[in-house]
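Peer 1: Let me give you the structure first, and then I'll get to my questions.
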Amino acid sequence: MIAYLQGQILETREESVIIVCGGVGYEVNMTKSSAAELEAGREAALYIAESISPYDGTVLYGFLSKEDKELWTLFKTAIPNTGAKKALEFLNKALRSVADFHAAIIKRDPKILTGIFGFTAKTAEKLITSLKDKMDAVSVQGAGKIKVLDDAPYMSGVLEALIALGYSAPESRRAIEQLYHEGINPNDKIENIIKEALRVLKK
C-alpha cells in the first residue's frame, strides 16, 4: 500500500496532480486548495491514501500533511454515506481553517459551518451529529483564523442579506471578513453594514 510519495510535480489540475517518483508518474486526487499550492516542476511530498473504485480500480488521494489525511479519513469513516470523493469535498471546505472547523463541531455551532465554511444547513447538522464525539482525537495545527461570527454575531444577518440580494455565499463571506478586518463598527446599524459590504463587493 502506498502511504507517501516524494518527487517532482509533472502536471497540476484543478483537483489532482501527477507526481513523478522514480520515473513513474502517479495521478493523485487532492482538494482544490491543496492542488493549488503545488507547481509543475517543483518537488513535493504527499501523504497518500488508497481507495478502491469499482469503475477506476485503485485511486490515490494525496494530502499536504498527516493531519489533513487524518481528517479526510475521519470524514470518510464517521459520516454516513460519505465516500472518498465526498470526504475530499468536505476536507476542501474544512481546510479554510481546521482550527475553526474543529471548534464549530465541538461547540455544535451550525452557523459557523454554514456561514463561514459554506456547508448547507442539512450537511452542517449531519457533520455535527457524526463528528461531535470524535473531533477531540483530531490533531489541529495552528490557531483559528475565522472569528467573524463568534466575535460579531450580527454578521450572520449581513451574510443572509447579501445572499438574498443575489451574491454567492463565498463572495459574501469574503466581503464580511474584509469589513471585519477593517474594523467595522459593531454598534452601527445593520443597514449601514450591509451598505459597506456592498461597497466592497462592487469594487
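The values are calculated or read from the model by the stated rules, or taken from the named source; none is laboratory data. Here the structure is a predicted model, which means the values were calculated and not measured. For neighbour counting, all protein chains shown are included, and Cβ atoms are generated from backbone atoms with ideal geometry for every residue, glycine included. Calculation scope for accessible area: heavy atoms of the full protein, side chains included, ligands and nucleic acids excluded. Shrake-Rupley method; radii C 1.70, N 1.55, O 1.52, S 1.80 Å.
Peer 1: Of the conditions (1) farther than 20 Å from Val20 by Cα; (2) out of contact with any strand residue (DSSP E or B) (no Cβ under 8 Å at 6 or more places or on another chain); (3) not aromatic (Phe, Trp, Tyr), Glu37 satisfies every one except a single condition; which number is it?
Peer 2: (1)
Peer 1: Continuing with this model, one more query. Restricting to the stretch 50-100, give me the number of residues that are within 13 Å of the chain's Cα centre (by Cα) and over 15 Å from Ser34 (Cβ atoms).
Peer 2: Total meeting the criteria: 3.
Peer 1: Of the residues Ser156, Ser130, Ser172, which is part of a helix (DSSP H, G or I), at pLDDT below 90 and surrounded by fewer than 19 Cβ atoms within 10 Å (Cβ to Cβ)?
Peer 2: Ser156
Peer 1: Another one. I'm checking my understanding of the structure. Among residues of the stretch 63-90 that are among the polar types (S, T, N, Q) and in a loop (DSSP other than H, G, I, E, B), which one is surrounded by the fewest Cβ atoms within 10 Å (Cβ to Cβ)?
Peer 2: Asn81
Peer 1: Only residues that are assigned to a loop (DSSP other than H, G, I, E, B) and open to solvent by less than 50 Å² (accessible area, probe 1.4 Å): list them for the stretch 21-40, please.
Peer 2: If the condition is that a residue be assigned to a loop (DSSP other than H, G, I, E, B) and open to solvent by less than 50 Å² (accessible area, probe 1.4 Å), then Met30, Thr31, Leu38 are the ones that fit.
Peer 1: Tell me which of these Glu50 doesn't satisfy, since it passes every other one: (1) closer than 30 Å to Leu10 by Cβ; (2) out of contact with any Gly (no Cβ under 6 Å at 6 or more places or on another chain); (3) open to solvent by less than 50 Å² (accessible area, probe 1.4 Å).
Peer 2: (3) is the only condition that Glu50 fails.
Peer 1: Of all the residues that make up the stretch 159-169, how many are open to solvent by 60 Å² or more (accessible area, probe 1.4 Å) and among the small types (Gly, Ala, Ser)? Steps first, answer last, please.
Peer 2: Within the stretch 159-169, the first condition is being open to solvent by 60 Å² or more (accessible area, probe 1.4 Å), and the residues that meet it are 160, 163-166.
Right, trim to among the small types (Gly, Ala, Ser) and you get 164, 166.
Total meeting the criteria: 2.
Peer 1: Further question on the same structure: Which residues, counting only those in the stretch 187-203, are assigned to a loop (DSSP other than H, G, I, E, B), open to solvent by 100 Å² or more (accessible area, probe 1.4 Å) and either over 14 Å from Arg174 (Cβ atoms) or acidic (Asp, Glu) (or both)?
Peer 2: Asn187, Lys189, listed by residue number.
Peer 1: Read through the list (1) assigned to a helix (DSSP H, G or I); (2) modelled with pLDDT of 95 or more; (3) more than 17 Å from Leu131 (Cβ to Cβ); (4) of a type outside the set (Val, Ile, Thr), then give the number of the only condition that Leu60 fails.
Peer 2: Condition not satisfied by Leu60: (1).
Peer 1: Here are some conditions: (1) in contact (Cβ under 8 Å) with a residue 24 or more places away in the chain; (2) more than 21 Å from Gly157 (Cβ to Cβ). Thr129 meets all but one. Which one does it not meet?
Peer 2: (1)
Peer 1: Is it true that some residue in the stretch 61-69 is in contact (Cβ under 8 Å) with a residue 60 or more places away in the chain, over 21 Å from Glu11 (Cβ atoms) and in contact with a helix residue (DSSP H, G or I) (Cβ under 6 Å, 6 or more places away or on another chain)?
Peer 2: No, the stretch 61-69 has no match at all.
Peer 1: Scan the stretch 105-118 for residues that are open to solvent by less than 30 Å² (accessible area, probe 1.4 Å), in a helix (DSSP H, G or I) and either touching a residue at least 24 places away in the same chain (Cβ under 8 Å) or in contact with a strand residue (DSSP E or B) (Cβ under 8 Å, 6 or more places away or on another chain) (or both) and report the count. Before you say what the answer is, go through the steps one by one.
Peer 2: If we filter the stretch 105-118 for residues that are open to solvent by less than 30 Å² (accessible area, probe 1.4 Å), which is where we start, we get 105, 112-113, 115-118.
Remaining after also requiring in a helix (DSSP H, G or I): 105, 112-113, 115.
Then drop every residue that is not either touching a residue at least 24 places away in the same chain (Cβ under 8 Å) or in contact with a strand residue (DSSP E or B) (Cβ under 8 Å, 6 or more places away or on another chain) (or both), which leaves 105, 112, 115.
Residues flagged as open to solvent by less than 30 Å² (accessible area, probe 1.4 Å), in a helix (DSSP H, G or I) and either touching a residue at least 24 places away in the same chain (Cβ under 8 Å) or in contact with a strand residue (DSSP E or B) (Cβ under 8 Å, 6 or more places away or on another chain) (or both) within the stretch 105-118 amount to 3.
Peer 1: May I pose another question? Can you tell me how many residues within the stretch 91-104 are touching a residue at least 60 places away in the same chain (Cβ under 8 Å) and surrounded by fewer than 18 Cβ atoms within 10 Å (Cβ to Cβ)?
Peer 2: 1
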